[in-house]
Amino acid sequence: MALQPVPLNTTPDETYFRKSRLWQGIPGIERTYGGRFWRCFFSGGNDEGPDNYVAVEISDDACDTWSEPIVVIDPPGNVRAFDPCLWRTPSNELFLFWAQSYGGFDGRAGCWYSVCRDPDEAPNVWTEPRRIADGVMLNKPTVLMNGEWALPITLWGHVKSSLNPNVPNCLAKMYVSSDQGKTFEYRGGVDMPNRWFDESMILEKNDGTLQMLTRRKDGIGEAFSHDGGRTWGKIGKFCLGGPNSRFHIRKLHSGHILLINHWSPDNRFDTPRGDDPDYMARNNLAAFLSVDDGKTWSAPLLLDERELVSYPDAVQTPDDQIYIIYDRERNVEKELLLARITEEDILRGKLVSDGSFLRKIISKLN
């Protein structure tokens, strides 16, 4: 059942409205050339599981107000849709990626997508869903200098299933499109110690080297490729630590690199909490900047110091504003929040730019 395409519901009813949702989280954000902002997340049921669906909402006033869901992907039966990703291509087509799995995770899942060719027009028209490969892709693709699209589709190695008994196939992978999304092919993959739900991102350095960063149980892992992603080496830990959680990294218009991750003054994230010796704090969400292609990093700009703030995604607008979406206490406070900052804010370690703000609630459930 999880291998079957699910039609996009473009007229969702109140079942999916904020007043009806029990929880929400794992957000993504994008902006199309006409100035429309898009956000995605998933919800459904009491928590992550077979009842999950993916939803998309829009804002036409720079994120001040948001619609109710305008697109929903809600598979029937015991199939869940989860881990959505919104990505605007260089030609302003909007891709919506998501994962489908039987039950919570069946060991195979699958990365699906649909495309809105004219996302600034109304009504929005979406293509029929297509499946790229086994695995999950939560984070945005990267457009390489040669024009290829690099997709970080991963097959989790820590969850075993009869659907995927071939352990070597469980890798943090890179799929590539050389024809602007008409076709996709597997390029290469890497295993990393302690990787956990992966949530990889791919960064291209100034010399063409590819760096894959992957969520690990003990922070962030990294690997490098000098042949376009076919083989990967120099596997280790990223220079900045973090808890077992999603992060965001991207090159900005300036060529500088933005990292959004949790921060600890002593770079330790294993402070025990109560009777949980494996607790790793999801607090002190912060933004860092590298102006030398990742060799060194700025001090953090603290975005939100509270507990259980997590899963950042970001987009940069043509005027160089950086919009950062994340969630807070998905099952208690049930909030999606937004920050708007600039490179100068990060380098100064405080908000100094006109229009910058932090901790703006853009969705909260009752």
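The values are calculated or read from the model by the stated rules, or taken from the named source; none is laboratory data. What you see is a predicted model; the values in this text were computed from it and never measured. Cβ coordinates were reconstructed from backbone atoms using ideal geometry, including for glycine residues, and neighbour counts include every protein chain displayed.
What the table shows:
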read-out	value
One residue from Ser200, Ser254 being surrounded by fewer than 19 Cβ atoms within 10 Å (Cβ to Cβ) and closer than 28 Å to Asp319 by Cα	Ser254
Output for segment 138-156, where each listed residue is assigned to a loop (DSSP other than H, G, I, E, B), of a type outside the set (S, T, N, Q) and either in contact with a Phe, Trp or Tyr (Cβ under 9 Å, 6 or more places away or on another chain) or over 21 Å from Arg195 (Cα atoms) (or both)	Leu138, Lys140, Pro141, Leu144, Met145, Gly147, Glu148, Pro152, Ile153, Trp156
Tally, over segment 120-160, of residues that are among the hydroxyl-bearing types (Ser, Thr, Tyr) and without any contact (Cβ under 8 Å) to a residue 40 or more places away in the chain	1
Subset of segment 59-88 (residues that are under 25 Å from Ile324 (Cβ atoms) and out of contact with any Pro (no Cβ under 9 Å at 6 or more places or on another chain))	Ser59, Asp60, Asp61, Ala62, Cys63, Asp64, Thr65, Trp66, Ser67, Phe82, Asp83, Leu86
Breaking point among (1) modelled with pLDDT of 95 or more; (2) surrounded by fewer than 19 Cβ atoms within 10 Å (Cβ to Cβ), for Lys217	(1)
Any hit, segment 236-259, residues being in contact with an Asp or Glu (Cβ under 8 Å, 6 or more places away or on another chain) and over 25 Å from Gly28 (Cβ atoms)	yes
Matching residues, segment 258-280, being aromatic (Phe, Trp, Tyr) and at pLDDT 75 or above	Trp263
From Glu93, Glu68, residue being in contact (Cβ under 8 Å) with a residue 12 or more places away in the chain, in contact with a Phe, Trp or Tyr (Cβ under 6 Å, 6 or more places away or on another chain) and surrounded by fewer than 20 Cβ atoms within 10 Å (Cβ to Cβ)	Glu68
Residues of segment 115-131 satisfying the condition of being farther than 17 Å from Tyr175 by Cβ and part of a strand (DSSP E or B)	Cys116, Trp126
The listed residue being among the aliphatic types (A, V, I, L, M) and either modelled with pLDDT of 95 or more or touching a His at 6+ places or on another chain (Cβ under 7 Å) (or both), out of Leu151, Leu155, Leu163	Leu151
Every residue from segment 2-25 that is surrounded by fewer than 17 Cβ atoms within 10 Å (Cβ to Cβ) and either under 13 Å from Phe42 (Cβ atoms) or modelled with pLDDT under 95 (or both)	Leu22
